[in-house]
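Encoded as structure tokens, the structure appears first; notes follow it.
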Amino acid sequence: MRRLLIALLAAIAAVGILAAPAAAQDTGQDDGDDTAPSDEVVERAPDVDVLQVDGLIDDIVADEVEAAIDRAVDNGSQALVLQANSRGAVVSDERMAELMRAVDTAPIPVAIWVGPSGSRLYGAPAQLLVVADVTGMAPGARVGNVGPSISDEFPLGPGLNELRDDTVGLSDARELAIFKQRISDEGIATLPNMIDALDGYEEDGVVLDTTSEVTTDEGVVQRETIAVVRLQKLGLIDQLFHTVASPPVAYLLFLIGLALLIFEFFTAGVGIAGIVGAGSTILACYGLAELPARWWSVGLLVLAMVAFAVDVQVGIPRFWTGVGIVLTIVGSFTLYEPVTGTSIWPSWIALITGIVGVMLTFIVGMPSMTRTRFATPTVGREWMIGADGVAVDEIGPEGIVQVGDAQWRARTNRATPIPAGDPLKVVAIDGVTLEVEPLEGAAQDYRERRAKSDAPS
């Protein structure tokens, strides 16, 4: 059912994306050394599958890991390597325990490589190290913040137990005996090094054969990968929804989608903005449903857009614009609950982009668009010329005035600014902007201006 929903949403969100392959992409790449041996012919060994596991572990990634195990078995691969860079999981502990069980009972060895340099393995995903057959880590990577054991079936062990609320680098991880085989001081820097680490591992009487020593033409003895490395990753549709389920993307898509829908509503038509806004909102709702989002915070963001819309329709940022800004800030900072081992709070860049973008949109962009879109000719409003009004705020030279029962954007001569609360008169109308002057001390009385304009030439 979930896959059917994903396919339906993808059809709405992106034209043509259903034509993309949903299965994992296989490059069939051999990552072994390209240097040819001089006198030896190296026999190729069975394949080794490598699946890239990036980002938070959600249902899509968990399903893909289990599917990768099945594919590796069906393809006759001798092992599966999970290239991991994950800061947490957003699935339930029960689902994570199912994934650990799938790795533990896999018919072929499953290895985990925390790499390349700079990768992280935090939270519940780090507990996969308990059930993996071979584990390795690149220099510059970190592991830890594993939290409490997910299941009594898979206890953490002494090493990971010390990392419930802490993270370590390569040297400390090696001292804690987190890895299940000897690792050099340099760690496992590259994927070919990880393939080499698999060589000789034995399980149920089967020994992995992934690399071999060869001699180059220069007489140098080196190790060459003899197994074909098959790189795999999420298909386009799964990658789309996995990306949407990342905290900053879901947050920004939600704000963008709602803002575009408001824009389309006030342009009185159904166009590109409406379609993109609807698609962005649908994708954002999927992402927020996958993430531990606080729904009252989502409600605050929706209410913020309603507040903005109140002022957009009059074309002037007023009280409700301020309410919308406050609700947006509160909703943004409280949107996500923390998960075990890491915080999924959006980055400062995402928060600043979202909040500042909303402020600019509804303080400057949307009001200007509304005034331009719904501006009417001066005819029918000539009665306002000569009418008295009051400055809502200082007009120097632009501001807001109250004339009759409505507020208008107005401007005056720079030489005669009008303080807030002072009376004024309307002397002309330019589009939707009133030209006003103070009742006393004006640069030129409006009666004199009209008299000159009406005088015969």
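Bear in mind that the values in this text are calculations on the coordinates, not laboratory data. Bear in mind that the values here come from a model prediction, so they are computed numbers and not experimental data. Backbone-built Cβ (ideal geometry, glycine too); neighbour counts: all protein chains shown.
In this structure, Asp70 and Phe319 have a Cβ-Cβ separation that, at R0 = 51 Å, corresponds to a calculated FRET efficiency of about 0.30.
Loop only by DSSP, 14 or fewer other Cβ within 10 Å of the Cβ. Give me the GluC sites (Glu not before Pro) in segment 193-262 that pass, ordered by residue number.
Loop-located and lightly packed - Glu218.
A simple spin-label model places pseudo-atoms 7 Å from Cα toward Cβ; at Val310 and Thr334 they are separated by 1.9 nm.
Under the combined filter of DSSP loop state and at most 15 neighbouring Cβ atoms within 10 Å, segment 271-342 retains none of its chymotrypsin sites (Phe, Trp or Tyr not before Pro). Computed from backbone phi with θ = phi - 60° and the Karplus coefficients 6.51, -1.76 and 1.60, the 3J(HN,Hα) list for segment 120-132 is 10, 9, 10, x, 4, x, 5, 6, 5, 4, 5, 9, 5 Hz; x is used for glycine and proline. Ordered by the number of other Cβ atoms lying within 10 Å of each residue's own Cβ, fewest first, Leu288, Leu252 fall into the sequence Leu252, Leu288. Here the Karplus curve 6.51 cos²θ - 1.76 cosθ + 1.60, taken at θ = phi - 60°, turns the phi angles of segment 246-252 into couplings of 8, x, x, 5, 4, 5, 5 Hz, with x standing for Gly and Pro.
Stokes-Einstein, applied to the Kirkwood radius of segment 260-350 over Cα pairs at a viscosity of 1.306 mPa s and 10 °C, places its translational diffusion at 109 µm² s⁻¹. Modelled this way, with points 7 Å down the Cα-to-C-beta line, the labels at Glu440 and Ala289 are 6.7 nm from one another. Among the GluC sites (Glu not before Pro) found in segment 108-179, those both in a DSSP coil and sparsely packed, with 13 or fewer other Cβ atoms within 10 Å of their Cβ, are Glu153.
Calculated FRET efficiency, Asp172 to Trp383, Cβ-Cβ distance, R0 = 60 Å: about 0.15 to the nearest 0.05.
Extending 7 Å from the Cα toward the beta-carbon at both Val356 and Val302 defines two label points whose distance is 3.0 nm.
In segment 245-373, Cα pairs under 8 Å separated by at least six residues give a relative contact order of 30 percent. Remark on Ile178: its backbone amide H falls under 5 Å from none of the residues 5 or more positions apart or on other chains, H modelled at 1.01 Å from N. Charge tally around Asp388: other residues with Cβ under 13 Å, Lys/Arg +1 each, Asp/Glu -1 each, net -2. Taking segment 130-170 and a reference point 7 angstrom along Cα→Cβ of Val206, no backbone N atom is nearer than 12 Å.
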